[in-house]
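Structure record follows, encoded as structure tokens.
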């Protein structure tokens, strides 16, 4: 049954997200020379589940002058869209082997922008709306760069199917011939997921908490889960595109560690620096990389 497959995908992702949040707090504690969670469960292993229980049991305080229906819908929409790409990630027999899997991922990622934009608009707060506008511009801009990087991988594999991309890497990982493209993909993934040093949508010093500032209780938990599901997705997707498909979640876990390490070591950049990095550096380099890969493949024929 389709719903059994859906549960088989959603449940492991939620459990993985719970332990990612725990690992992040533990690693940030080590980096900042302090103790992380160590009270709930053995060594704090159950801290993430305790936090989730607390969030889902809190009382909801609704902002004034909001569209109540859209206010609740946006949170559910953000979490629902975060699960959609997992249907084409090639692990086990729980995925749809789409011939245009890369295009499907583009389609879903473009929809997720609406959740960020609408959350700031329906909150009736200038801080939330400013964060939403920042996030929308940031995500849309870096999708251009990530799309060109994806095309370079697809040209090398001559397919838009993720399963075919995995099969091509049985001999050698694409991380070796496409190392600069892989580095640009991982940096663009930070901007696409609004993570440090590109977390301008949640700049606490100027926006309090960004586009989700007016959300609390289980509604905030939905945005929180959606963010970390996107982080896990980009890590697993990076493994599929550049590191082959075997031991998928082990390699994805190493890339999640890279997300956490960057958060604990790098400062937040200015918004103009973020946009300048894309339009003056990454976009020309992405176009140049695509042209170089095309030229090499044409010359090899």
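What follows draws every value from the coordinates through simple rules; no lab data is involved. Every value quoted in this text rests on a predicted model; they were computed, and no experiment measured them. Every residue, glycine among them, receives a Cβ derived from its backbone with ideal geometry; neighbour counts consider all protein chains shown.
Largest GNM mean-square fluctuation across 21, 265, 193, computed for the chain with C-alpha springs under 10 Å, falls on 265.
For residue 32 and residue 297, a Förster radius of 41 Å and the Cβ-Cβ distance give a FRET efficiency of 0.30, rounded to the nearest 0.05. The long axis of helix 101-122 is offset from the longest Cα principal axis of the chain by roughly 30 degrees.
Please work out whether region 182-255 counts as rounded, prolate or oblate from its C-alpha gyration tensor, where a ≥ b ≥ c are the square roots of the eigenvalues and a/c under 1.5 means rounded, while otherwise a/b larger than b/c means prolate and anything else oblate? It is oblate, given that a/c is not under 1.5 and a/b is not larger than b/c.
When only Cα pairs under 8 Å and 6 or more residues apart are kept, what is the percent relative contact order across the chain?
Details: 379 pairs, mean separation 71.1, N = 301.
Dividing the mean separation by the residue count of the chain yields 24 percent.
Both radii come from the Cα set of region 126-260: Rg as radius of gyration, Rh as Kirkwood radius; their ratio Rg/Rh reads 1.04.
Taking a temperature of 37 °C and a viscosity of 0.692 mPa s, what whole-number D in µm²/s does Stokes-Einstein yield for region 85-206 with Rh from Kirkwood over alpha carbon pairs? Please list the in-between numbers first.
Numbers: Rh = 16.0 Å.
For these conditions, the coefficient is 205 µm²/s.
Per residue Cα convex hull volume for region 120-159, in cubic angstrom?
Details: hull volume 2.2 nm³, N = 40.
Per residue, the Cα convex hull of region 120-159 comes to 54 Å³.
Name the shape class, rounded, prolate or oblate, that the alpha-carbon gyration tensor gives for region 11-143, where a ≥ b ≥ c are the square roots of its eigenvalues, rounded holds for a/c under 1.5, and otherwise prolate holds if a/b is larger than b/c and oblate otherwise. The shape class here is oblate.
Oblate is the label for region 250-301, because the ratio a/c of its alpha-carbon gyration tensor axes (a ≥ b ≥ c) is 1.5 or higher and a/b is not greater than b/c. The alpha carbon centroids of region 119-194 and region 244-301 are separated by 8 Å.
Which order do the peptides 144-151, 98-105 take when ranked by the mean count of other beta-carbon atoms within 10 Å per residue, highest first? List each step's numbers first, then the result.
On the way: 144-151: 21.0, 98-105: 17.8.
The densest-packed peptide leads the list: 144-151, 98-105.
Using the alpha carbons alone, the radius of gyration of the chain stands to its Kirkwood radius in an Rg to Rh ratio of 0.97.
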